[in-house]
Amino acid sequence: MPAAHTIPAGGLRQHGKTLIAVSGRRMAGGAPGPAVMGFLSIEQLASHVSLPAGEFIEAQAQAGASAGGARFRHAMNRLRRFLTRRRQTTAIPDVVQRAASLLPFVGAMHALEHAARLQRNERILIHPSDDGVDLAATQVALTLGAEVFATYADEGKRDALRVLGANHVLPMAGFVDAVLALTHGKGVQVVLNTLDGEPAQKSLLLLTPFGRFVDFNKTFDQWHVLSTHHNIGLHTLDTRTLLDQEPATFQAFLDRAASGLERGIFQPLEPPIFRIEEVDKALEAAHDRNIAIEIGAAETLPALPAKQRESLIRSDGSYLVTGGFGGFGLTLAFWLADRGAKSLVLVGRRGAATPEAEYALDGLKAKGVSVWAAAADVGKEEDVVNLIREIQAKHPPLIGVFHAAGVLDDAMLTDLTLDRLRAVMQPKAMGAWYLHQHTRESPLHCFVLFSSISALIGKPGQGNYVAANAFLDQLAHARRAEGLPGLGLNWGVLAEVGMAARQELDDLLESYGLGSFTRDEAMRMLELAMRGDHAQLGLMNVDWRTWLNVNRAPAVALRYQHLSDDAMPEHGAAIQALKKELQDMDEGVRVGHLVTLLAGLTARIMRLPEENLDPATLLGNLGLDSLMGTELRGNVEAHTGVVLSILDLQGGNMEQLAEKILEGMGYPG
Ligand SMILES: NC(=O)c1ccc[n+]([C@@H]2O[C@H](COP(=O)([O-])OP(=O)(O)OC[C@H]3O[C@@H](n4cnc5c(N)ncnc54)[C@H](OP(=O)(O)O)[C@@H]3O)[C@@H](O)[C@H]2O)c1
């Protein structure tokens, strides 16, 4: 696990959609260490906070300093250069103040680039906000080549917008008519909204078909938008969620904001600053806006009256982990113990049947955790009833459920018998349902369902598994709709332990773009997910470009359109390169070249040494089944652009297939 460091808060904090920049000192062995800064949510606002290593930046970023992501450090170095050039002190509060002032730019880039995908020459209407996002958005929009229509409610804002170069600076009163007049009745393609009520609705009416309405206010009635304005995209945003869910994007924006400031492309913004004594008033006044709260030296900090950081995992009840002796289950058990859980119920059909499970139980007990290693089949309702009854009778109250029981039984649809469907659905889907039904009376604060990326992107041969996981996803939504806790996690590939690692699938999956993550990374993601407020999240490490190249069918689906646009050029380029290679070689060696390519792909999929593959033997006779055939077909298409049928693949040898591919690529046989 990453080491946690305590940071006595000091300097300046910025609260924007619950995002705070905070500075302090890293505690090393009880003594204050180097100055650091990081970003927190409002729930974490407290006199002392702990951040895992990697979630903060050393303010005096030295070469080789271990803390913080490289991008964060990069952003801070840029910021420091910017401050030095302006002959400003690099004292920590200033660095943090500047860092805090980057947040509106992160919000603006998130809104305009990520959500609205604002294009050159498009028109954007930007409404005023107290936190500077409007001023940052004006600057970002102008750098993108858009035409900015910015409204203001006071003269200070008007002047600032003019200085920044907004194309049209309009008073709030009468802005609709003004925009219509200036655009000859056409309106705008994008609205950055911070308003509610009538002005927000009127702004919506200014959108052209296919317009994008980006809402920082979150009070707007989404259904109204959808019902009255088809073809209009609605995006509700907050920067905290971006940091939690897409830290790499957050960091990239932060880096670009710092770079923009350094190079003078962006003008710096100063968020409104409140004194620490005014923190309650400030938060109340701020609602969801960005504000800055100035805090004195760490030693003089008053106890904060605002919400204290709630600990995520509690010690006053029991946590049930189904699949508790599996790869994810044991990782989770240790994570729960490290987070303060005192009573765990780990469940598997066989109980703690392996030496590894017994060893883990000892380790958990050594941490002072009481563990019940239960043998029960969660796919059987009576087992679940007995399990819950026994927890109620003999253990602290059940306060959390993690459903990670599951098995795989992959088969192509034609081989998917009812028994094979049931084998996978029963523990996962029905198990979840029984847990849902029989824990209604328990005071749960979390109900986490371990689903899979397969339910989001599909996988040939996993019809049963996809269906079971899709059920989990929907159950999480349904529970939330009932006011019950529910979180469905579509996990990508866990390395080191668990069902994927056991099958040694990591390399193969990686070659399809499905990278893995470590146990530590998984638990970091779990923590972020549980701290957020989502019904369902995909936690994965996917190289979409590679995945789309191997999975040509989804590449054309609307769902992946924004990814496939990026992926296509490389796909085309790889095939073009192969064509060129073929063109440049003698006719007689082309088939051999393709046989080598095929052998490489086939060996990887069948997990056989390449030299064992005889080019004259039918692939079916080499053991290529229909599941492998589907994978090989995708790979062949990605590399050559030629689509072969599964029958072709199973019924042909590599030499014949190479000839077919050659023909498909336009070389007559
Ligand atoms: N590992 C990954 O990369 C990955 C990726 C996406 C999603 N997931 C999901 O995460 C969950 C955990 O995966 P994992 O990698 O930890 O798998 P794992 O190592 O195979 O563990 C699964 C555990 O579930 C238990 N189990 C199976 N059927 C059960 C039943 N009917 N009742 C009670 N326990 C049962 C098994 O123990 P017994 O045999 O003793 O019953 C096994 O220890 C699964 O639901 C999986 O679909 C995993």
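The values are calculated or read from the model by the stated rules, or taken from the named source; none is laboratory data. Bear in mind the structure is a predicted one, so any value in this text is a computation, not a measurement. Note: ideal-geometry Cβ built from the backbone for every residue, glycine included; neighbour counts use all protein chains shown. Surface accessibility is based on the protein's heavy atoms, side chains included, excluding ligands, DNA and RNA. Shrake-Rupley method; radii C 1.70, N 1.55, O 1.52, S 1.80 Å.
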For a quick check of understanding: with a 1.4 angstrom probe and all protein chains in place, what accessible area in square angstrom does His593 have, to the nearest ten?
60 Å²
Quick one: which residues, 5+ away or cross-chain, put their amide H under 5 Å from the amide H of Val188? H built at 1.01 Å from N.
Leu207, Thr208
What's the local net charge at Leu475, with K and R +1, D and E -1, over the other residues with C-beta under 12 Å away?
+1
Which percent of the accessible area of segment 318-542 is formed by carbon and sulfur heavy atoms (probe 1.4 angstrom)?
51 percent
Whose amide H sits under 5 Å from the amide H of Gln536, counting only residues 5 or more places off or on another chain, with H placed in the peptide plane?
Gly488
Counting only protein heavy atoms and leaving out ligands, DNA and RNA, the solvent-accessible surface of Lys660 at a 1.4 Å probe, in Å² to the nearest 10, equals 100 Å²
Size descriptor, Kirkwood hydrodynamic radius, that averages inverse alpha-carbon separations across segment 113-269, Å:
15.9 Å
Using amide H atoms built 1.01 Å from N in the peptide plane, name the residues 5+ places from Ser318, or on other chains, whose amide H lies under 5 Å from its own.
Leu398, Ile399, Gly400
Tally Lys/Arg at +1 and Asp/Glu at -1 over every other residue whose Cβ is under 15 Å from the Cβ of Pro427; what's the total?
0
Under the classification rounded if a/c is under 1.5, otherwise prolate if a/b is larger than b/c and oblate if not, where does segment 318-542 fall, given a ≥ b ≥ c as square roots of the Cα gyration tensor eigenvalues?
rounded
Asn621 neighbourhood, Cβ < 15 Å, K/R = +1, D/E = -1, net charge -4
Quote the Stokes-Einstein diffusion coefficient, in whole µm² s⁻¹, for segment 362-431, based on the Kirkwood radius over alpha carbon pairs, a temperature of 25 °C and a viscosity of 0.890 mPa s.
170 µm²/s
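For segment 555-664, what does the equivalent ellipsoid look like in terms of its semi-axes, each the square root of 5 times an eigenvalue of the Cα gyration tensor, given largest first in whole Å?
On the way: eigenvalues 115, 72, 25 Å².
The equivalent ellipsoid of segment 555-664 has semi-axes of 24, 19, 11 Å.
Taking a 20 Å limit on the Cα-Cα distance, which of the listed pairs Lys579/Lys660; Lys342/Lys380; Lys380/Lys428 fall beyond it?
Going by Cα-Cα distance, Lys342/Lys380 fall outside the 20 Å limit.
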Karplus ³J(HN,Hα) for segment 396-407 (6.51 cos²θ - 1.76 cosθ + 1.60, θ = phi - 60°; Hz, whole; x = Gly/Pro) runs x, x, 6, 10, x, 10, 10, 9, 10, 6, x, 9
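Could you calculate the FRET efficiency of Leu647 with Arg162 from 1/(1 + (r/R0)^6), where r is the beta carbon distance between them and R0 is 60 Å, rounded to 0.05?
On the way: r = 69 Å, r/R0 = 1.15.
For Leu647 and Arg162, the calculated efficiency is 0.30.
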Find the eigenvalues of the gyration tensor of the Cα atoms of segment 461-546, then list the square roots of 5 times those eigenvalues as equivalent ellipsoid semi-axes, largest first, in whole angstrom.
25, 16, 11
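What number results when the radius of gyration of segment 381-480, computed over Cα atoms, is divided by 2.2 N^0.38 Å? Display every interim value, and only then the final one.
On the way: Rg = 14.8 Å, N = 100, 2.2 N^0.38 = 12.7 Å.
Working it through for segment 381-480, the quotient is 1.17.
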Modelling each spin label as a point 7 Å along the Cα-to-Cβ direction, I'd like the Ala557/Thr518 distance in nm, to one decimal.
3.3 nm
Taking a probe of 1.4 angstrom, what is the accessible area of Glu663 in Å², to the nearest 10?
120 Å²
Hz values of 3J(HN,Hα) by residue in segment 192-200 - Karplus curve (6.51, -1.76, 1.60), Gly and Pro given as x:
9, 9, 10, 9, 10, x, 4, x, 5
